[in-house]
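What follows is a set of notes on a single structure, which appears directly below.
FYI, it's all coordinate maths here, none of it is from the lab. Keep in mind it's a predicted model, so treat the numbers as computed, not measured. Note that each Cβ is placed from the backbone with ideal geometry, even for glycine, and that neighbours are counted across all protein chains shown.
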Amino acid sequence: MARGPGTGFGRRLRELREARGWSQEALAEKCNLAVQTLSRFERDLRVPDWATALTLCLVLGATPDDFTSDAEKRAIERRRAQDQLMRATDDLPVTEIRKLVAEARAMRGRVKR
């Protein structure tokens with residue numbers, strides 16, 4: 001997923017956020033990130049670690065594939081499922097999202113490198 005600065009990850013992240021009508025502040029809160037960190041991701045100045053990237057996917061109702069060049073081809077097919085996930089995420093309390101973030105980070109620690 002982490003493709004590096006200037007490769008479009010940040011542009012796609014911003015598109016997904018804006019498609020949901022969220023500010024950077026709203027998405028940062030849902031992901032337990034600093035607004036400045038999210039801004040750096042969107043400007044391709046930083047690339048998130050896997051746990052953060054997966055959290056962004058979960059909160060945005062996206063998949064890691066949505067950040068690849070092939071994602072546009074599959075976007076229309078998944079639009080309906082993403083809309084359903086978006087509605088479910090909107091109703092999810094911030095505390096539950098934070099628990100999911102912690103679980104994703106714990107899972108990362110158990111994966112062999």
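Converting phi to 3J(HN,Hα) with the Karplus coefficients 6.51, -1.76 and 1.60 and the offset θ = phi - 60°, the stretch 39-49 yields 4, 5, 4, 5, 8, 6, 8, 9, 10, x, 6 Hz in sequence order, with x at every glycine or proline.
Using the per-residue mean of other Cβ atoms lying within 10 Å as a proxy for protection, in what order, highest first, do the peptides 54-67, 10-23 fall? Write down the numbers at each step before the final one.
Working: 54-67: 21.0, 10-23: 16.7.
Packing proxy ranking, top to bottom: 54-67, 10-23.
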